[in-house]
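The structure follows.
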Amino acid sequence: MRVAEHLNRSLHALLEKDPSVHVLGEDISDPYGGAFKITKGLSDRFGPRVMSTPLSEGGIVGVGAGLALAGDRAVVEIMFGDFATLAFDQLVNFAAKSTTMYGRPVDVPLVVRLPTGGRRGYGPTHSQSLQKHFIGVPGLSVYEMSPFHDAEALFTEIFGSGRPAVFFEDKVLYTKPMLSGGDGLHTFEVRDGWAVIRAEQNTEDVLVAPGGLTDRALTALRDLLVEDEIACTLLVPARLHPLDVTPVADVLHAARRVHVAEDGTAGGTWGAEVARLLHERLWGRLTAPITHISAPDSIIPTAAHLEARCTVQAADIRAHIQRAISR
Amino acid sequence: MIGAVRERTLTPVSEADLSRMLRIRHFEKALLRLFEQGRLNGTTHTCLGQEHVPVAVSALLRPEDHVFSNHRGHGHFLARYDEPHALLAEITGREGALCNGVGGSQHIYHERFLSTGVQGESLPVAVGVALRHKRTGDGIACAYIGDGTWGEGSVYEALNMAQVWGAPLLVVVEHNRIAQSTPTAAQMAGSIAGRCAGFGVAHHRVESVDVNVVRAELSGLLETVRRDKRPAVFEVSVHRAGPHSKGDDTRTAAELAEAAAGDWYAHYARDFPAQVAALEEIERAFIDAAVENVLARPLSEWS
Amino acid sequence: MTEFRIPKLNNNDDSYILVEWLAADGQEVRQGEPLVVIETSKTAEELESPADGTLVIRVHSGDCAPGELIAAIGAAVDVVEPVVPEVPPLESGEIDVVITRPAQVLIERHGITLERVRALGKKVVRAEDVAALSDSREIVRLPKAQRQAADVVVLSHQTIPAAFTVVKANVTDMAKLTRDLSKHARTLIGLSELLVKAVADQRAEFPHLFSTWLGDGRIRLAGGSHVGVTIDVGKGLFVPVVRDADARPLDAVARELMDYRMTALRGSFRERDLEGANIAVTLHTEAGVELAVPIIHPGHVAALSLASTLQEVQPADEGFTVRQTVRIGLAFDHRVVNGRDAALFLGAVKRLLEEPRRWLE
């Protein structure tokens, strides 16, 4: 099953099982079913609980927060994650803050879905990966879709936490298959919110990457093993922040080198935060500083040859890891 | 412009309403006094001169309705919930505070009352809450904003969605002619009425500072919000008799005199001096006792 | 339901080997019953069942870590979901072995058949695997204990600037005394036992030799003489510790060393037998060994070696006499003590061995 279809089925299941769930977003109603078709069939089936909205990103996130505050549960789709900046106030100053600023826990079960990332030629304002801007916001969780994690379970987990979450979805990933079991070379194991992808136990190299990088990371892993004889384990967390590395402590403790890859642009990034956290935990075990792989400090151009230069490619991941090892 | 006060400009107010308006007024005055004495932390925005608006509105609300308030929200809260001790404890960070002292003056969440400190932010939220009311019963969302708030895009996003989706949302605009220090004329083109018309949202404006008149004029409009499940904007012309927050009033003497002359209190105290004098003593003493009581409490705790 | 997790057995390993289960999966077990054998880098320990109930094994054998859940013990009805590792699906036509590019180059160069590559039984075949196929010489992986020893000696060489001094002791008279002492104490008291005791007794005068280097020009002094003694009866090298050897009489020290030799024959040291030394005596008493240079264990300042007893002809008043000598070596951390201290220390030990009367006082 493709990731997009899985996501669509997850939303169907969510709406079916829980009558308090609402889905809002621009152009999400049938027959259009959303710009990426993730919401296809929802409005036909669940009527008024699925609402196509005006072009008001801030407004609809606020409406979602209002529904959540009043006892409902809301999923808000922002058509392109880039437009999350228009909802920054509602997310940071209202939804996230409200969970604690009234002196007692207040539940705001809200998921803001953000189709994200480049490699589709949509240009500078429709291709960004803005995860880093939402890291470390008190009360806000940051998730990223992966082909390993069950999206319905993640949405349910977010609603259960009472904290609002931004849910990043790599747009290229939509077209890729969901993954389980293994690929003949690597085994895929999912445990407590992490996917562990490896060809053998306890590798000296470990790569941590969000779900959106999965296809590129897997290609890099395969090339590293088959071409360079470097065995590397890939760790994919479903929740990027707050990051709990306890479930994969065994993998990390066996590592001698850790690499972190992400799609965001260089500077003040999620990967830097992961490196900080892991340096604290693994200092003394590692034989090299943590490698950081991100997009360059640049806007994302439209033309394919220029865009490729400004987005993380499988070859970049492989080259960075090779360099770290040969240092 | 309000000219010389004529005989009996205002109608007689019930003892309950007048008591509440005076209670709010003395609560605010007590806050300004505490600030001068250096006994309050941070900032506060008093609603002197505007007390009659929430008192007029609150009587028409039902327990299930949600109220969204803003930075100038003490009156909104006290008109709905007669809990001045708890509000003062919140503002001073004492035991018994509404939100354990975390939110302070402008971030209160109590039962069905919620305020935040960002202009216009609560309007889309109120639309969401109103949509739930629409689905589950006859409740409404009532949001207080000022004239300055109309500079925020979220107001228009919210009005548009409320009208498109038929959300039972009442927006009460306390038009006090000034946004912090900027006169409305210098920051708003056109009018609130004109903007509402653009969205097809019902709008009604009241010029009076008479609590009975304000309530009477709101009553019918609020019923249509509740019954017909649609938004409405109720604009009340008021005068901000006090500063924006504290000691930051840059208005000229003439402007201040004009604001003072537009204060409901000035009119009503002249029209009904005996009633005001009798109740004012009671409320002043009540608030003084509340201040003494709350400030003697231990500091609030937050876990 | 009781979780059965691996306890932390020592400070130096971050993984152990689960050797075998002593009870079968699904079997009823009693609290206190030996359940499983865990091998650390130094020894193998039996762990006991923490509860009564049905044993449900999670980890059957192989690597395991402190804190890892290896089994659950619960009521018979309490069925635990078995952990079944997901098997990667093999699509038809997909090769069952992944051959790396460097391995492929070697396969072609040496003309190795795919059958032989498959026979390696590896999922991923690397260049080193193919090289092994083209090279008939056997490659052996050392036992875990030896690998651990390798780490220790490397660390010692990398971190301790050691110097070495040796003395020769005339133990002719001592050889006679040990027979009497053994008879009297009803346990073997030989040169090794005397040396352990003699070394331990020097702590009051030479405290720095029993200390630990902390870096930054500081050492931590020891609270007792805990002497590690090498024992190798052919079942691997062990260094059990005679604790507080300065505070205990010679016969008690000797008896403990005898117990350790017996334990070494059975191969059942406990972790606590092997921890906490602050100086070491290494025995090289096999016939013909003249001199041995010991390794200083990381965390120690000194290590002594005892070589074998040698016959030496010596001119005497009327011709020659034969005397018996041994060489005692002292390797020491030169950051902490100097040659003079080493010589004085060895001199004191030597005197104790050369003048047996002292032992009878």
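Within region B:241-285, which residues are under 20 Å from B:Val55 (Cα atoms) and either of a type in the set (Asp, Glu) or touching a Pro at 6+ places or on another chain (Cβ under 8 Å) (or both)?
B:Asp263, B:Asp271, B:Phe272, B:Gln275, B:Glu280, B:Glu281, B:Glu283
Just to confirm my filter: which helices (runs of 4 or more DSSP H) fall fully inside region B:54-137 and include at least 1 residues that are within 11 Å of chain A (Cβ to nearest Cβ)? Show your work before the answer.
On the way: elements: B:74-80, B:84-92, B:122-136.
Output list reads B:84-92, B:122-136.
May I ask you to list the residues in region C:254-286 that are within 23 Å of C:Phe332 (Cα to Cα) and either among the charged types (D, E, K, R) or not assigned by TED's automatic domain parsing to the domain that holds C:Ile296 (or both)?
Once the filter is applied, which keeps residues that are within 23 Å of C:Phe332 (Cα to Cα) and either among the charged types (D, E, K, R) or not assigned by TED's automatic domain parsing to the domain that holds C:Ile296 (or both), region C:254-286 yields only C:Glu275.
Filter region A:255-284 down to the residues that are of a type in the set (A, V, I, L, M, F, W, C) and either outside the structural domain of A:Val245 (by TED's automatic domain parsing) or without any contact (Cβ under 8 Å) to a residue 12 or more places away in the chain (or both) and list them by number. Outline the logic, then answer.
So the first thing to find is which residues in region A:255-284 are of a type in the set (A, V, I, L, M, F, W, C), and the list is A:255, A:258, A:260-261, A:266, A:270, A:272, A:274-275, A:277-278, A:282-283.
Residue satisfying the conditions is A:Trp283 alone.
From A:Leu7, A:Leu14, A:Leu24, grab the single residue that is in contact (Cβ under 8 Å) with a residue 40 or more places away in the chain and under 19 Å from A:Asp170 (Cα atoms). Show your work before the answer.
Working: A:Leu14 fails: under 19 Å from A:Asp170 (Cα atoms); A:Leu24 fails: under 19 Å from A:Asp170 (Cα atoms).
From the options A:Leu7, A:Leu14, A:Leu24, the qualifying one is A:Leu7.
Kindly establish whether A:Leu69 is at pLDDT 95 or above, surrounded by 19 or more Cβ atoms within 10 Å (Cβ to Cβ) and at the interface with chain B (Cβ under 8 Å from one of its Cβ atoms).
yes
What number of residues in region C:155-169 are outside any helix (DSSP H, G or I) and either farther than 23 Å from C:Gly215 by Cβ or free of Cβ contacts under 8 Å to residues at least 60 places away in the same chain (or both)?
5
Report the residue count in region C:289-331 for those that are assigned to a strand (DSSP E or B), of a type in the set (Val, Ile, Thr) and farther than 21 Å from C:His226 by Cα. So that I can check it myself, show each step before the final result.
Within region C:289-331, the first condition is being assigned to a strand (DSSP E or B), and the residues that meet it are C:302-307, C:310-316, C:319-331.
Restricting the remaining residues to those that are of a type in the set (Val, Ile, Thr) gives C:313, C:321-322, C:325-326, C:328.
Now restrict to residues that are farther than 21 Å from C:His226 by Cα: C:313, C:321-322, C:325-326.
Result for region C:289-331: 5.
Please work out which residue is nearest to A:Asp89 (Cα to Cα), limiting yourself to region B:139-176 and to residues that are among the polar types (S, T, N, Q) and not in a loop (DSSP other than H, G, I, E, B).
Here is the first cut: in region B:139-176, the residues among the polar types (S, T, N, Q) are B:149, B:154, B:160, B:163, B:176.
Those still in the list that are not in a loop (DSSP other than H, G, I, E, B) too: B:149, B:154, B:160, B:163.
Details: B:Thr149: 15, B:Ser154: 10, B:Asn160: 19, B:Gln163: 23 Å.
The qualifying residue nearest to A:Asp89 (Cα to Cα) is B:Ser154.
Check A:Val61 against each of (1) under 22 Å from A:His126 (Cα atoms); (2) more than 9 Å from every other protein chain (Cβ to nearest Cβ) and name the one condition it does not meet.
Just one mismatch for A:Val61, condition (2).
In region C:174-286, which strands (runs of 3 or more DSSP E) lie fully inside it and hold 1 or more residues that are closer than 22 Å to C:Ile328 by Cβ?
The strands (runs of 3 or more DSSP E) meeting that bar are C:227-229, C:279-284.
So for region B:239-251 (the condition being farther than 28 Å from B:Gly146 by Cα and buried (at least 20 other Cβ atoms within 10 Å of the Cβ)), does at least one residue qualify? Working first, answer last.
Residues of region B:239-251 that are farther than 28 Å from B:Gly146 by Cα, as a first pass: none.
The answer is no; no qualifying residue exists.
Ok, one more. Quick check on region A:235-249. Is at least one of its residues within 14 Å of another protein chain (Cβ to nearest Cβ), within 24 Å of A:Glu307 (Cα to Cα) and of a type in the set (A, V, I, L, M)?
no
For region C:4-25, enumerate the residues that are buried (at least 18 other Cβ atoms within 10 Å of the Cβ) and among the β-branched types (Val, Ile, Thr).
Within region C:4-25, just C:Ile6 meets the criteria.
Give region A:293-327 a look and list any residue that's small (Gly, Ala, Ser) and in a helix (DSSP H, G or I), or say none.
Answer for region A:293-327, where residues must be small (Gly, Ala, Ser) and in a helix (DSSP H, G or I): A:Ala304, A:Ala308, A:Ala314, A:Ala315, A:Ala319, A:Ala324, A:Ser326.
Take A:Leu240 and tell me if it is under 19 Å from the mean Cα position of the chain (by Cα) and crowded, with 22+ Cβ neighbours inside 10 Å.
Numbers: under 19 Å from the mean Cα position of the chain (by Cα): yes; crowded, with 22+ Cβ neighbours inside 10 Å: yes.
So A:Leu240 fits the description; yes.
Return the pairs, sorted by first residue and then second, in which the second residue is not in a strand (DSSP E or B), the first residue lies in region C:314-326 and is of a type in the set (Val, Ile, Thr), the beta carbons are less than 6 Å apart, and the residues are 6+ apart or on different chains.
Sorted first by the residue in region C:314-326, then by its partner, the pairs are C:Val326/C:Val171; C:Val326/C:Thr309.
Please enumerate the residues belonging to region A:34-64 that are touching a His at 6+ places or on another chain (Cβ under 9 Å) and assigned to a loop (DSSP other than H, G, I, E, B).
A:Gly41
Follow-up. Hey, among the residues in region B:138-162 that are touching a Lys or Arg at 6+ places or on another chain (Cβ under 9 Å) and more than 10 Å from every other protein chain (Cβ to nearest Cβ), which one's surrounded by the fewest Cβ atoms within 10 Å (Cβ to Cβ)?
Only one residue tops the list, namely B:Asp138.
The values are calculated or read from the model by the stated rules, or taken from the named source; none is laboratory data. Keep in mind the model is a prediction, meaning the values are calculated, not measured. All Cβ positions, glycine included, derive from the backbone under ideal geometry; neighbour counts span all protein chains shown.
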